[in-house]
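Asks: Got a structure for you, questions after.
The values are calculated or read from the model by the stated rules, or taken from the named source; none is laboratory data. These numbers were taken from a predicted model, which means no experiment stands behind them. Virtual Cβ from ideal backbone geometry, glycine too; neighbours counted across all protein chains shown. Surface accessibility is based on the protein's heavy atoms, side chains included, excluding ligands, DNA and RNA. Shrake-Rupley method; radii C 1.70, N 1.55, O 1.52, S 1.80 Å.
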Amino acid sequence: MEKYDSVQGRIHRDGYALGYTIEGEGEPLLIIGSHVFYPRTFSAGLRSKRKLIFIDHRGFSHADRGVEARDCKLVTITDDISAMCSALGLSRLDVMGHSGHGYMALEFARRRPDLVRKTVVVATGPSHSSEHMAYVERIWGMLAAPERKHRLAQDLERMAAKIDAEPEKRFIWMCLGLAARSWFDPCFDASDLWQGVHVNMPIFDSLWGDVFRDFDPGTALQEIQTPLLICMGRHDHLVAPLETWLPLTPENRQPVFALFERSAHTPQLEEAERFDETLLNFLA
């Protein structure tokens, strides 16, 4: 498989050094999240069809000041994305967000329809509200295999020790410790994906604990005018499943849904070939 040059850099904004990585060729696809983590989860084949532009948000970037409340707001993050698009010379593009970054993609598409052509969210539940997270727990309790539950119990013990030793990396240790809930293979070790990734824990605590809990998916779907693809893994036990999106979708503007039967929380890596085909067909 052909390899593509990687262009990396940082854009300094409001005390943060927002990193980016650009790989591949073709029309641009902006992928919100860590510019270190996410390139490791997408296929080389996709890079032959699209130019992938991976960008940090403030939770993944180095800063020369302490975290303030405004750093954790979606409006701040979407303003950062707009500024990065301007700095990188991007005027019209498709945008993607995985997991919690799906809310950033949705908010960016809602606020900047002049920039966004099509929107993709992957492994993103409608919100992290108590209602949606309780739905996740019911499915886990009723349907998860005993082997998965046993593996999770073992991993959580190791995760707790890691967090005690390195609390500043709590988000990473939690992601690794929840492998049984987040990968089709419950024993998958994602450590290599997280090598060299920097996290600002106060921002993650606020986003995942408060902002995504209060996210209003119904209003977002009503206001987003561009085509939307929602991708979910059948075995994803971290977020509310695909069917929880259905009551929220506008009758006159239905999203495209894709369910990946042999994936959990990261279908772009777990079922790369089918994911790429689904994505490219939607973006065409």
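Asks: In the set Pro126, Pro39, Pro28, which member is in contact with a Lys or Arg (Cβ under 7 Å, 6 or more places away or on another chain), under 24 Å from Asp276 (Cα atoms) and not acidic (Asp, Glu)?
Replies: Pro28
Asks: Residue by residue through region 224-238, note down the ones that are in a loop (DSSP other than H, G, I, E, B) and either open to solvent by less than 10 Å² (accessible area, probe 1.4 Å) or on the phi > 0 side of the Ramachandran plot (or both).
Replies: Ile224
Asks: Counting only residues that are in contact (Cβ under 8 Å) with a residue 12 or more places away in the chain, hydrophobic (A, V, I, L, M, F, W, C), within 21 Å of Ala190 (Cα to Cα) and open to solvent by 50 Å² or more (accessible area, probe 1.4 Å), how many does region 115-172 have?
Replies: Here the count works out to 1.
Asks: Within region 67-91, how many residues turn out to be closer than 14 Å to Gly15 by Cα, among the β-branched types (Val, Ile, Thr) and assigned to a helix (DSSP H, G or I)?
Replies: Within region 67-91, residues that are closer than 14 Å to Gly15 by Cα, among the β-branched types (Val, Ile, Thr) and assigned to a helix (DSSP H, G or I) number 2.
Asks: On to the next question. Can you say whether Gly19 is touching a Gly at 6+ places or on another chain (Cβ under 8 Å) and on the phi > 0 side of the Ramachandran plot, as far as the supplied structure shows?
Replies: No; evaluated as a whole, the condition is false for this residue.
Asks: Condition (residue is in a strand (DSSP E or B), within 23 Å of Gln195 (Cα to Cα) and not acidic (Asp, Glu)) applied to region 33-51: is it met by at least one residue?
Replies: No, region 33-51 contains no residue that is in a strand (DSSP E or B), within 23 Å of Gln195 (Cα to Cα) and not acidic (Asp, Glu).
Asks: Taking region 57-86 on its own, how many of its residues are closer than 18 Å to Arg111 by Cβ and either more than 21 Å from the chain's Cα centre (by Cα) or of a type outside the set (Asp, Glu) (or both)?
Replies: Within region 57-86, residues that are closer than 18 Å to Arg111 by Cβ and either more than 21 Å from the chain's Cα centre (by Cα) or of a type outside the set (Asp, Glu) (or both) number 16.
Asks: Going residue by residue through region 32-49, is there one that turns out to be under 24 Å from Phe282 (Cα atoms), open to solvent by 30 Å² or more (accessible area, probe 1.4 Å) and touching a strand residue (DSSP E or B) at 6+ places or on another chain (Cβ under 8 Å)?
Replies: Within region 32-49, one or more residues are under 24 Å from Phe282 (Cα atoms), open to solvent by 30 Å² or more (accessible area, probe 1.4 Å) and touching a strand residue (DSSP E or B) at 6+ places or on another chain (Cβ under 8 Å).
Asks: I need every pair where a residue in region 211-234 that is among the basic types (Lys, Arg) has its Cβ under 6 Å from the Cβ of a residue that is not in a strand (DSSP E or B), sequence separation at least 6 or different chains.
Replies: Arg213/His128; Arg213/Ser129; Arg234/Glu261
Asks: What's the total number of residues in region 15-31 that are free of Cβ contacts under 8 Å to residues at least 40 places away in the same chain, surrounded by fewer than 19 Cβ atoms within 10 Å (Cβ to Cβ) and acidic (Asp, Glu)?
Replies: So the count comes out to 1.
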